[in-house]
Amino acid sequence: MSRPASTDEGLKFLHQVFGMKMLHLGLFTDEMPRDLHGVEAAQHEYTRTLIDLIPEGVETILDVGCGTGDTSKKLLEAGFRPEGLSPDPFHGEKYRETVGPESTFHLSGFEDLRPGRTYDCLLFSESPQYIDKDMFFPKCLELTRPGSCIVLADFFQKDHDEYYLKAFVESDFRGRAERAGFEIAYHRDITREVLPSLDISMELLRYGQRIIHYGEDSFRRARPLLWKIVKMIYGRKLAKARAYAYEDLPKRLDSARFERKMRYAMYRLERA
Ligand SMILES: C[S@@+](CC[C@H](N)C(=O)[O-])C[C@H]1O[C@@H](n2cnc3c(N)ncnc32)[C@H](O)[C@@H]1O
């Protein structure tokens with residue numbers, strides 16, 4: 001079972017504060033600027049490249065973990081018949097705005113979906129890591145038929161360790177795919193092409209940390225007593241938020257570490 005429907009505040013923040021329509025790391029080419037404009041261009045390139053992997057003959061597509069719907073919109077424009085799926089109600093709202101009021105959106109985790117039908121293609125754009133690993137391929141089998149395919153992009157752990165635990169270990173993922181009867185028809189390593197997004201995010205995080213420091217410092221000086229009370233009441237929550245912003249996130253956004261430990265890959269898997 002996936003977690004009950006709730007809004008992912010991190011993804012909502014990226015969408016609303018940085019205006020990101022797509023919620024993945026993008027695919028940088030040499031000529032793209034290493035700034036937020038570059039991230040937007042890289043995200044378009046990534047989605048275009050992923051859509052190019054869909055084979056001829058595919059009509060119906062389930063966009064699994066569809067985010068705010070930009071990939072589905074591009075699929076629709078390319079002549080496919082996409083449906084969106086996400087357990088996040090905010091994504092449901094945005095999906096209908098982006099893809100159209102007549103579009104089909106499933107408010108559900110992939111693990112829990114029971115649409116009573118199959119699709120020509122399941123598309124995962126940086127969403128496999130959110131899905132229960134033991135349920136991933138059994139559910140893919142339930143929602144496809146022989147001849148269907150899976151097109152996906154995500155980052156994978158190179159080996160088991162404490163880093164990015166949510167992501168599949170790539171060798172395990174490939175083994176599971178083959179045991180379930182999916183042939184690996186295409187694989188491309190795009191790790192180097194996603195690294196600039198991490199560097200840009202790290203730069204933005206540094207600004208965020210300075211803003212937090214400035215806010216706390218100003219509050220403490222202006223209202224010392226109130227600051228003490230706030231710390232007494234919300235001390236634990238504040239400490240947790242600080243640990244996230246100053247320890248956890250910087251580790252995740254460290255591009256050198258990411259390159260050592262992770263592989264970002266695009267796949268097409270075909271069901272025999
Ligand atoms: C990193 S975002 C990617 C969004 C979009 N595919 C894109 O490329 O912009 C991950 C997406 O997976 C969704 N998600 C989280 N848990 C899920 C689950 N159990 N099943 C399916 N999707 C899930 C999130 O709500 C979000 O829409």
Which residue pairs have Cβ atoms closer than 6 Å, lie 6 or more positions apart in sequence or on different chains, and pair a first residue in the stretch 67-96 that is more than 16 Å from Leu23 (Cα to Cα) with a second residue that is among the hydrophobic types (A, V, I, L, M, F, W, C) and within 11 Å of the ligand (Cβ to nearest atom)?
Glu83/Leu62
Residues (in a loop (DSSP other than H, G, I, E, B), surrounded by 17 or more Cβ atoms within 10 Å (Cβ to Cβ) and more than 10 Å from the ligand (Cβ to nearest atom)) located in the stretch 91-110:
Ser103
Kindly establish whether Gly175 is more than 14 Å from the ligand (Cβ to nearest atom), in the same structural domain as Thr49 (by TED's automatic domain parsing) and touching a strand residue (DSSP E or B) at 6+ places or on another chain (Cβ under 8 Å).
no
Give all pairs with beta carbons closer than 6 Å in which a residue from the stretch 255-272 that is under 26 Å from Cys121 (Cα atoms) meets a residue that is at pLDDT below 95 and basic (Lys, Arg); count only pairs at least 6 apart in sequence or on separate chains.
Arg263/Lys158
Matching entry among Leu113, Leu165, Leu152, Leu123 (being of a type in the set (A, V, I, L, M), surrounded by fewer than 20 Cβ atoms within 10 Å (Cβ to Cβ) and within 14 Å of the ligand (Cβ to nearest atom)):
Leu113
Considering each residue of the stretch 126-137, count those that are hydrophobic (A, V, I, L, M, F, W, C) and either surrounded by fewer than 18 Cβ atoms within 10 Å (Cβ to Cβ) or near the ligand (Cβ under 9 Å from one of its atoms) (or both), and give that number.
2
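Criterion first (surrounded by 14 or more Cβ atoms within 10 Å (Cβ to Cβ) and at pLDDT below 95) does Met20 satisfy it?
Against the criterion (surrounded by 14 or more Cβ atoms within 10 Å (Cβ to Cβ) and at pLDDT below 95), Met20 qualifies.
Pick out the one residue from Gly57, Gly26 that is within 16 Å of the ligand (Cβ to nearest atom), small (Gly, Ala, Ser), on the phi > 0 side of the Ramachandran plot and not in a strand (DSSP E or B).
The unique qualifying residue is Gly26.
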Taking Thr49 as meeting all but one of (1) more than 24 Å from Glu142 (Cβ to Cβ); (2) outside any helix (DSSP H, G or I); (3) touching a residue at least 40 places away in the same chain (Cβ under 8 Å); (4) more than 10 Å from the ligand (Cβ to nearest atom), write down the number of the exception.
(2)
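The values are calculated or read from the model by the stated rules, or taken from the named source; none is laboratory data. What you see is a predicted model; the values in this text were computed from it and never measured. Because the Cβ atoms are built from the backbone with ideal geometry, glycine has one as well, and the counts that use them run over all protein chains shown.
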